[in-house]
Amino acid sequence: MPLLPGAEPFHHHGGPVGVLVCHGFTGSPFSMRPWAERAAEAGYSVSLPLLPGHGTHWRDLNLTRWHDWYAALERSFHELSEQCEQVFLFGLSMGGALSLHLAAQQGAGVSGLVLVNPLVVMPGKAHVALPVVRHLVPSFPGIANDIAKPGVEEHGYLRTPLHAAHSMKQLTKAVQAELPRITQPLLLFRSPQDHVVSPASGQTLLRRIGSQDVEERLLEQSFHVATLDHDAETVFEGSLDFVKRHTTASGTED
């Protein structure tokens, strides 16, 4: 099946510091490409993979599970690590959850995380019925395009595949258990007007993460997909400054 517009992965070979960028559930690299391109323009090596089941049709996503999405991200991490002295993780929504899991697994191999509205706790109560409902209906209405900026779309799926959503719930449980093990520096961007991820995700993350270097910044003018919204520049500039501050002397760009 052909890819949706802009869903192609993005890779850039730059300097010895790498940035691994991860999109969210039912989304694609389209929502993260401006962020990835800004990191590339700053001289960093960048990898923005397309997660399995994404960027085509929502039915394809229902055939995959979170271990498939993580395997793709982990593969990109190892490829980036082979050419870079340091690797930082940038993640949006479920991409934030996958990034947290990767940080827990890789330890010192990850130099820091910048997360935008990361999913750590499933929102609302509908997810409680997923173990049963997913066998009765294949999908619910989608969660794409939660963006305050007029005329902007993220080109995500318009349906939420329920088998995949149930697997995402399992991912959040794994991440919640791992949070105390994650000690890398963290910059958290959070939108108070997020209609996809609830405040409980940010609260749980800040309360349970093991890192001593944690900063939260609010994105007052943006909804969930802040990388395409009014506060995108705040995210881009803040993340690049974060990477610069946490880059070791050996990995500093010329």
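For the reader, a short list of remarks on this structure follows.
- For the chain, calculated [θ]222 nm from helices alone, where every DSSP H run of n ≥ 4 adds -39500 (n - 2.57): -10500 deg cm²/dmol
- For the chain, built as a Gaussian network whose Cα springs stay under 10 Å, the top-fluctuating residue of Ala165, Ala129, Ala144: Ala129
- Here, P(r) means the percent of Cα pairs in each 10 Å bin from 0 to the largest distance; for the chain it is 8, 34, 39, 16, 2, 0.
- Rolling a 1.4 Å probe over the protein heavy atoms gives region 1-97 an accessible area of 36 Å² per residue.
- Per-residue ³J(HN,Hα) for region 139-150, Karplus 6.51 cos²θ - 1.76 cosθ + 1.60, θ = phi - 60°, Hz, x for Gly and Pro: 7, 10, x, x, 10, 6, 6, 7, 9, 6, 5, x
- Cα long-axis angle, helix 232-245 against the chain (0 to 90 degrees, to the nearest 10): 40 degrees
- Entry for region 1-74 at q = 0.14, 0.22, 0.25, 0.27 Å⁻¹: log10 I(q)/I(0) = -0.43, -0.91, -1.08, -1.19, Debye formula applied to identical alpha-carbon scatterers, no solvent contribution.
- Take every pair of alpha-carbon atoms less than 8 Å apart whose residues are at least six positions apart; their mean separation over the length of the chain yields a relative contact order of 22 percent.
- When +1 charges are put on Lys and Arg Cβ atoms and -1 charges on Asp and Glu Cβ atoms, the dipole computed for region 38-183 relative to its Cα centre reaches about 640 debye.
- To the nearest ten degrees, helix 94-106 and the longest principal axis of the Cα atoms of the chain are 50 degrees apart.
- Note on the chain: GNM, Cα springs under 10 Å; of His57, His166, His127, the largest mean-square fluctuation is that of His127.
- With Cα atoms, 0 to 90° folded angle of helix 162-178 axis to the chain main axis: 40 degrees
- Positive-end extreme of charge dipole, region 1-104 - chosen from Phe77, Ala97, Ser47 (charges on Cβ): Ala97
- Considering only beta bridges that DSSP places wholly inside the chain, some 20 percent are antiparallel.
- Using θ = phi - 60° in the Karplus curve 6.51 cos²θ - 1.76 cosθ + 1.60, the 3J(HN,Hα) couplings for region 191-207 round to 9, x, 9, 9, 9, 10, 9, 7, x, 4, 5, x, 5, 5, 4, 5, 6 Hz; x is entered for Gly and Pro.
- Most mobile listed residue (Gly112, Gly156, Gly142) in the chain, GNM with C-alpha springs under 10 Å: Gly142
- 10 °C / 1.306 mPa s Stokes-Einstein diffusion coefficient of region 7-123, Kirkwood radius on C-alpha pairs, µm²/s: 114 µm²/s
- Carbon-plus-sulfur accessible fraction, region 59-184 (probe radius 1.4 Å, protein heavy atoms only): 55%.
- Partner lysines for Lys173 [C-alpha distance under 20 Å; skip if fewer than 8 residues away on the same chain]: Lys125
- Residues whose placed amide H lies under 5 Å from that of Ser191, excluding near-sequence neighbours: Asn117, Leu219
- Using equal-weight Cα scatterers in the Debye expression, the normalised intensity of region 166-223 in log10 at q = 0.14, 0.20, 0.24 Å⁻¹ is -0.43, -0.82, -1.05.
- Cα shape, region 156-252, gyration tensor, a/c 1.5 rule: oblate
- Across region 102-184, Cα-Cα pairs more than 23 Å apart make up 39 percent of the total.
The values are calculated or read from the model by the stated rules, or taken from the named source; none is laboratory data. Given the structure is predicted, the values throughout are model-derived calculations rather than measurements. Glycine also receives a Cβ, built like all others from the backbone with ideal geometry; neighbour counts cover every protein chain displayed. To get the accessible areas, we keep the full protein, side chains included, count just its heavy atoms, and leave off ligands, DNA and RNA. Shrake-Rupley method; radii C 1.70, N 1.55, O 1.52, S 1.80 Å.
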